[in-house]
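Peer 1: Structure in structure tokens, see below.
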Amino acid sequence: MKHSIVLISIFRESLIGGVAVHSSNLYERLREAGLPVERIDFAFIFQRPTVLSRAWIMFKIGFRLLRLRLAGARVFHFHASNRALVFYLFAPLLKLLGGKVLLSLHSGYGYDRWLEEHPSYDRLNTLFFRWLDRLVFMNPEECARIRRRYPWLGARVVTVNPYLAPPAKRLPPLPPSAADRSRMRVATIGVWEQRYNVEEAVRAALNFHAATGVATTLTILQSTIRCEPDYQRRVLAEISAAREHIEVLVLEDRTDVLEVLAAQDVFIRPSLLDSYGLCVAESLLVGTPAIATDVCRRCSAALLYRKGDDAALLQHLLDVWQRGPGPRHSLLADAEDSFNAYLREYRQLAGEADATLASDVSIT
């Protein structure tokens with residue numbers, strides 16, 4: 001059998017940061033490990049102008065999934081945000097044909113809370129989640145809430161750490177220690193939406209410069225995938241005012257995220273809502289200290305503070321600066337890379353479905 005594992009993803013490759021490339025990293029890591037995997041990316045469906053063109057694409061996706069299952073594919077892993085429409089459409093058929101179905105819900109907003117506001121999806125889940133072999137979330141609290149909501153799912157609801165490192169060939173070399181102590185280089189990341197709260201990083205860079213007099217550069221990795229116009233205007237005004245005191249670079253829709261992070265002295269992720277911490281793990285991976293609000297608590301090496309606590313955030317920046325440059329090495333714990341966790345789930349499901357695949361999906 002050519003492809004035993006099939007990844008089905010909605011995420012556009014132009015979106016920067018962890019979750020945006022999560023399924024791509026998983027696919028490439030599986031290929032790097034020599035495992036039989038196929039990937040179906042249907043993000044482009046949202047760019048189609050008419051209902052008929054979208055329906056035609058969905059038909060082709062369904063036909064491809066059917067062909068893969070009939071050819072012997074066993075494990076079908078859907079990656080989705082809150083509205084898992086493709087999962088609703090195709091999971092029952094794949095399950096009836098003997099496939100094993102996983103659904104990873106990448107919900108930075110909080111899925112249980114979102115269901116309270118969208119009861120129609122709660123009703124859909126009551127029907128369609130019964131076809132699931134695994135429902136994957138990125139934090140234990142969300143898993144617990146979903147188990148309470150759908151108690152019949154039981155142990156099928158699992159937690160897998162949200163970060164998945166890219167394949168070795170895509171990791172940038174770690175830069176040598178910076179000898180230049182004349183400038184503090186700070187980075188943050190976001191989308192033009194309030195919940196990304198990038199203005200807190202702007203204030204932090206200004207506060208650091210005011211407290212130390214050290215020249216400061218703030219690099220904002222920004223995605224244009226979504227936009228709240230009023231919020232965008234407000235943040236751009238704050239950036240314009242900040243440029244009177246510090247250098248601010250806004251880099252939109254970049255794909256060289258790891259390279260940009262590796263060139264910084266520190267990274268700030270000031271998320272407003274419960275989050276896997278977009279780019280916190282990526283920053284740690286390339287040896288750049290990461291400061292994040294306490295809702296981004298997935299990485300043990302991250303320096304945490306409470307949203308709005310400007311004094312604590314400034315103190316973290318001062319501590320990073322005072323420690324000075326040292327030998328660069330990865331700050332991310334091996335256990336915080338979710339690759340082995342996914343392999344474990346695949347192996348268990350494959351063992352239930354096909355002994356041959358179980359032997360293919362091995363963990364070292």
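The values are calculated or read from the model by the stated rules, or taken from the named source; none is laboratory data. The structure presented is a predicted model; accordingly, all values stated were derived computationally and were not measured. Neighbour counts are summed over all protein chains in view; Cβ atoms, including those assigned to glycine, are modelled from backbone coordinates with ideal geometry.
Peer 1: Step by step: first the residues of segment 42-68, then only those that are aromatic (Phe, Trp, Tyr) and farther than 18 Å from residue 92 by Cβ, then the one that is modelled with the lowest pLDDT. Which residue is that?
Peer 2: Going through the qualifying residues, I end up with 46.
Peer 1: Only one of 102, 26 is at pLDDT 90 or above, under 20 Å from the mean Cα position of the chain (by Cα) and within 18 Å of residue 342 (Cβ to Cβ); which?
Peer 2: 102
Peer 1: Another question about this same structure. Are any residues in segment 297-355 more than 27 Å from the chain's Cα centre (by Cα) and either modelled with pLDDT under 85 or of a type in the set (Val, Ile, Thr) (or both), and if so, which ones?
Peer 2: Correct list: 324, 325, 326, 327, 351, 352, 353, 354, 355.
Peer 1: For segment 150-201, which positions are over 23 Å from the mean Cα position of the chain (by Cα), assigned to a helix (DSSP H, G or I) and surrounded by 17 or more Cβ atoms within 10 Å (Cβ to Cβ)?
Peer 2: 153
Peer 1: Then there is this: How many residues are assigned to a helix (DSSP H, G or I), over 25 Å from the mean Cα position of the chain (by Cα) and surrounded by 14 or more Cβ atoms within 10 Å (Cβ to Cβ) if we restrict to segment 206-256?
Peer 2: 8
Peer 1: Starting from segment 292-311, take each residue that is free of Cβ contacts under 8 Å to residues at least 60 places away in the same chain and assigned to a loop (DSSP other than H, G, I, E, B) and list its partners that are small (Gly, Ala, Ser) and surrounded by fewer than 20 Cβ atoms within 10 Å (Cβ to Cβ), counting only C-beta distances under 9 angstrom and pairs at least six apart or across chains.
Peer 2: As it stands, the answer is 300/333; 300/335; 301/333; 306/312, since those pairs meet every condition given.
Peer 1: Note down all Cβ pairs under 6 Å where the first residue falls in segment 226-253 and is assigned by TED's automatic domain parsing to the domain that holds residue 215, the second is part of a loop (DSSP other than H, G, I, E, B) and of a type outside the set (Lys, Arg), and they're at least six residues apart or on different chains.
Peer 2: Every condition considered, the pairs that remain are 226/193; 228/193; 253/14.
Peer 1: Looking at 249, 272, can you tell me which residue is in contact with a strand residue (DSSP E or B) (Cβ under 9 Å, 6 or more places away or on another chain) and within 18 Å of residue 296 (Cβ to Cβ)?
Peer 2: One residue alone meets the criteria, 272.
Peer 1: Next question. Report whether or not residue 137 is crowded, with 21+ Cβ neighbours inside 10 Å, assigned by TED's automatic domain parsing to the domain that holds residue 343 and over 20 Å from residue 30 (Cβ atoms).
Peer 2: yes
Peer 1: Which of the residues belonging to segment 93-111 are more than 24 Å from residue 145 (Cα to Cα) and surrounded by fewer than 22 Cβ atoms within 10 Å (Cβ to Cβ)?
Peer 2: Listed by number, the residues that qualify are 93, 95, 96, 97, 98.
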